[in-house]
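Visitor: Before I ask anything, let me first share the structure, which is written out below as structure tokens.
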Amino acid sequence: MQDIHQVLEQYFGYKTFRPLQEEIIRDVIAGKDVFVLMPTGGGKSLCYQIPSLVQSGTTIVVSPLISLMKDQVDGLVQNGIRAAYLNSSLSPGEQAAVLRQLQNKQLALLYIAPERLAQDQFFRILQTVFINFFAIDEAHCISQWGHDFRPEYRQLAIIRKHFRDKPLVALTATATPRVKNDIIERLGLREEQIYQASFNRPNLSYRIIPKNDPLSQIHDYVVTKKGESGIIYCQSRKTVGHLASRLQENGIRALPYHAGLSDVLRKKHQEQFINEDTDVIVATIAFGMGIDKPNVRYVIHHDLPQSLEHYYQETGRAGRDGLPSDCILLYSYGDVFFYERFIAEKQSEEERRISKAQLHRMVDYAQSKLCRRVQLLQYFAETSLQKKCDSCDNCLSPQEMFDATIIVQKILSCVYRLRQRFGANHITGVLTGSKAQGIVGRNHHLLSTYGIVTDYDRNQLRTFIYELLSQGYLRQSGDQYAILSLTSKSRSVLKGMEKVFLTKPDIRIFTSRQKEAETACDLRLFNKLRFLRKQMADKQNLPPYIIFSDRSLKEMAAYFPQTSEQFSQITGVGAEKLRMHAKPFLQEIIDYCKPLKICPIIKYNNTVAITLGLYREGKNIRQIAEKRGLAESTIHGHLQQTYINGESINIDKFVVPEKQKVILQVFKELGYERLALTKERLGEDYSYAEIRWVQAKILKSNTILE
Ligand code: ADP
Ligand code: MG
Ligand code: ZN
């Protein structure tokens, strides 16, 4: 049997496995039933694809969507893997051809729609061929508790009944215990091995920004992302339409997607997005289920999602390829009122209760000052060792509080003047001097608090009100309309006996934040390669990412490979892609490098790559050293190399900032090459590893010591 690492490298061009992949693959090969829970982009496909390549039969993969099947099979074929699919999009002749391939043992993988199993002819053929095992992708579709129930999936119970000895592998990104148990029971898994990966998506950065002027805010961000793919979610079709035209008017390639468009048009826009004939899709939440586009660089929420689960799923469509991607939510408390009205219209008490709870959980998240990532993981009942990350707004720039006593007094006294009978919308209207009929008609323009707020707008006031609610200075009641009333706490504020601190209104500008590691490629060359990829993709009628991933192109534009040998070192370049596509890309790189006298940079050798892989999986230095049987100092050395080459590593973990300062001071005196001397000067408290990290930092930043 071929070694699975070799298969990984030869067919997929990857050097290391992602977390859990290796363990899962070994269990699948050993013939166990396996349940795989991994977030989107976690790398579930390889878990059944690699076993299929070392086994001699055919693996049957059940997949719910025709578009996903095609994508997967196109990708596999590009990697030189014998794969095909059977579904209603094929003509009878094409279907017969696939069945022949199956019977002639020419397929390592066959993708089918679930209903296919119920077809007599197919079922009979299946009983005559050698099957490795069955893989059920998107297995949550079998459960009514999941978010995407498909009755056809129920037919899968047939597998266990008629193929008793064949292992079953179920894969999903939906992790609730109820769905999990449902899947296990309905498929009839036996003594299953359950693997659950972390739901953390380290390459996604989360940000929430106050929604002031959403069309301009979004436009200003999107222009900085020209040529990159992004999805913008809106709650209403109307907003989708407005935003899409606004972007188009400004020369941005954006298209709308919502249920009001014809099927044909929706399909067309989706394809344009996949084929990169458009950059941006502005969509209602219905968009995204049927696509696996790996290089979506940002997801923007124009409106508050209705639950944290929706938020996680929708933001999760960014960055499947593992490259840094932005998740941005424009938040205004006004959205909450919108939902509250919407929820009030729901039929059952139970539904209202659940929706309300979900909404409030979402609002808490949006208003919170804690690390966004930690909160999301906690929501999925994952305990995170760290309290902070370095890629969410709250960790990067903590919000400040300010003494808000005066504005709070204005708000509270307005509540009082209105006899505690109105909601936030009315109150903010009175405070800002609105001439709306509801206010003037009630003579509320005669109140002493009418129009006394000029320094904040209504959205900002709503945000303050929400914070006052959560701090207990206001209370909300009423079913249809939320009425605000005072509490015992508010009275002491009104009497001037207590100060109130609120979050400072946030004017953080909406700019794109790319990790250094990822911009560390030659952007001009990258764009040339991207253009070439697009041309080749169009010629073969494939999405560009099937030819090469963005990661592969970025590496090409960072290492400038100029021979086949060097080219094969690039992530994602397996034997087949080397054979099929290396030539034009190499030519492009050589043509680019020659006049500029750019030499190829040799990629890390294998040992460094393995260390890096383990590090990216979240292992610490000691664990890596133990696993590899190497000294910790060697592991530090490997990571320092990758760090200098652009890997994003927070070196504060290895050398506390105070020590960095001291080491830097000595370097300034002695020069940064003289390690032994530096060590001697610093003494026992400083290790070589620490000194080398600071050295690496200098080398990386290319700054000259003054
Ligand atoms: P999922 O089905 O869990 O959402 P996929 O199987 O589609 O995820 O994988 C997401 C992306 O990660 C794909 O582009 C895939 O090629 C890539 N990938 C998977 N495993 C690895 C690996 N070991 N090394 C590098 N890239 C990987
Ligand atoms: Mg998948
Ligand atoms: Zn954080």
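Visitor: Do the conditions hold for LYS346, that is, is it assigned by TED's automatic domain parsing to the domain that holds VAL493 and either touching a helix residue (DSSP H, G or I) at 6+ places or on another chain (Cβ under 9 Å) or away from ligand 3 (no atom under 16 Å from the Cβ) (or both)?
Guide: Working: assigned by TED's automatic domain parsing to the domain that holds VAL493: no; either touching a helix residue (DSSP H, G or I) at 6+ places or on another chain (Cβ under 9 Å) or away from ligand 3 (no atom under 16 Å from the Cβ) (or both): yes.
No: the conditions fail for LYS346.
Visitor: While we're here: Test of understanding: among SER56, SER67, SER45, SER52, which residue is polar (S, T, N, Q) and part of a loop (DSSP other than H, G, I, E, B)?
Guide: Working: SER67 fails: part of a loop (DSSP other than H, G, I, E, B); SER45 fails: part of a loop (DSSP other than H, G, I, E, B); SER52 fails: part of a loop (DSSP other than H, G, I, E, B).
After applying the criteria, what remains is SER56.
Visitor: Sticking with this structure for a sec: Conditions: (1) surrounded by fewer than 21 Cβ atoms within 10 Å (Cβ to Cβ); (2) within 16 Å of ligand 2 (Cβ to nearest atom); (3) hydrophobic (A, V, I, L, M, F, W, C). VAL77 meets all but one. Number of the miss?
Guide: Of (1) surrounded by fewer than 21 Cβ atoms within 10 Å (Cβ to Cβ); (2) within 16 Å of ligand 2 (Cβ to nearest atom); (3) hydrophobic (A, V, I, L, M, F, W, C), only one is false for VAL77: (2).
Visitor: Hey, LEU90 hits all of (1) away from ligand 2 (no atom under 11 Å from the Cβ); (2) of a type outside the set (Ser, Thr, Tyr); (3) touching a residue at least 12 places away in the same chain (Cβ under 8 Å) but one; which does it fall short on?
Guide: Result: LEU90 passes all but (3).
Visitor: Assuming GLN313 fulfils every condition listed in (1) touching a helix residue (DSSP H, G or I) at 6+ places or on another chain (Cβ under 6 Å); (2) open to solvent by 10 Å² or more (accessible area, probe 1.4 Å); (3) touching a residue at least 40 places away in the same chain (Cβ under 8 Å) apart from one, which condition is it?
Guide: (1)
Visitor: Name the residue, out of GLU684, GLU669, that is out of contact with any Lys or Arg (no Cβ under 7 Å at 6 or more places or on another chain) and not in a helix (DSSP H, G or I). Show your work before the answer.
Guide: Numbers: GLU669 fails: not in a helix (DSSP H, G or I).
Checking each option against the conditions leaves just GLU684.
Visitor: Test each condition in (1) under 30 Å from ARG178 (Cα atoms); (2) free of Cβ contacts under 8 Å to residues at least 12 places away in the same chain for ILE406 and report the one that comes out false.
Guide: Here ILE406 meets the rest and fails (1).
Visitor: Which one of these does ASP403 not meet: (1) farther than 26 Å from ASN212 by Cα; (2) exposed (fewer than 14 other Cβ atoms within 10 Å of the Cβ); (3) charged (D, E, K, R)?
Guide: Going through (1) farther than 26 Å from ASN212 by Cα; (2) exposed (fewer than 14 other Cβ atoms within 10 Å of the Cβ); (3) charged (D, E, K, R) one by one, ASP403 breaks only (1).
Visitor: If you don't mind, there's one more thing I want to ask. Has the stretch 362-373 got any residue that is part of a loop (DSSP other than H, G, I, E, B), open to solvent by less than 30 Å² (accessible area, probe 1.4 Å) and either among the basic types (Lys, Arg) or more than 16 Å from ligand 3 (Cβ to nearest atom) (or both)?
Guide: So in the stretch 362-373, the residues part of a loop (DSSP other than H, G, I, E, B) come out as 368-371.
Pick out the ones that are also open to solvent by less than 30 Å² (accessible area, probe 1.4 Å) and you get 368, 371.
Checking the rest, the ones that are also either among the basic types (Lys, Arg) or more than 16 Å from ligand 3 (Cβ to nearest atom) (or both) come to none.
No, the stretch 362-373 has no match at all.
Visitor: Oh, and also: If I ask for residues that are within 10 Å of ligand 1 (Cβ to nearest atom) and surrounded by 22 or more Cβ atoms within 10 Å (Cβ to Cβ), which ones from the stretch 15-36 would you list? I'd like the intermediate steps shown before the answer.
Guide: Let us first name the residues in the stretch 15-36 that are within 10 Å of ligand 1 (Cβ to nearest atom), namely 15-19, 21-22, 36.
Matches in the stretch 15-36: GLN21, VAL36.
Visitor: Related question: Among the candidates ILE483, ILE452, single out the residue that is open to solvent by 10 Å² or more (accessible area, probe 1.4 Å), of a type in the set (A, V, I, L, M, F, W, C) and touching a helix residue (DSSP H, G or I) at 6+ places or on another chain (Cβ under 9 Å).
Guide: Numbers: ILE483 fails: touching a helix residue (DSSP H, G or I) at 6+ places or on another chain (Cβ under 9 Å).
The conditions single out ILE452.
Visitor: Tell me, which residue of the stretch 163-195 that is over 22 Å from TYR379 (Cβ atoms) and small (Gly, Ala, Ser) is modelled with the highest pLDDT?
Guide: Going through the qualifying residues, I end up with ALA170.
Visitor: Just the residues that are under 10 Å from LEU86 (Cβ atoms) and open to solvent by 10 Å² or more (accessible area, probe 1.4 Å), please, taken from the stretch 114-133.
Guide: Keep residues of the stretch 114-133 that are under 10 Å from LEU86 (Cβ atoms), which gives 116, 119, 122.
The answer is ARG116, GLN119.
Visitor: Of the residues that sit in the stretch 381-393 and are buried (at least 16 other Cβ atoms within 10 Å of the Cβ) and either of a type in the set (Lys, Arg) or part of a loop (DSSP other than H, G, I, E, B) (or both), which one is farthest from ligand 3 (Cβ to nearest atom)?
Guide: SER384
The values are calculated or read from the model by the stated rules, or taken from the named source; none is laboratory data. These numbers were taken from a predicted model, which means no experiment stands behind them. Here Cβ is always computed from backbone atoms with ideal geometry, including for glycine, and neighbour counts include all displayed protein chains. Heads up: the accessible areas ignore ligands, DNA and RNA and are worked out on the full protein's heavy atoms, side chains in. Shrake-Rupley method; radii C 1.70, N 1.55, O 1.52, S 1.80 Å.
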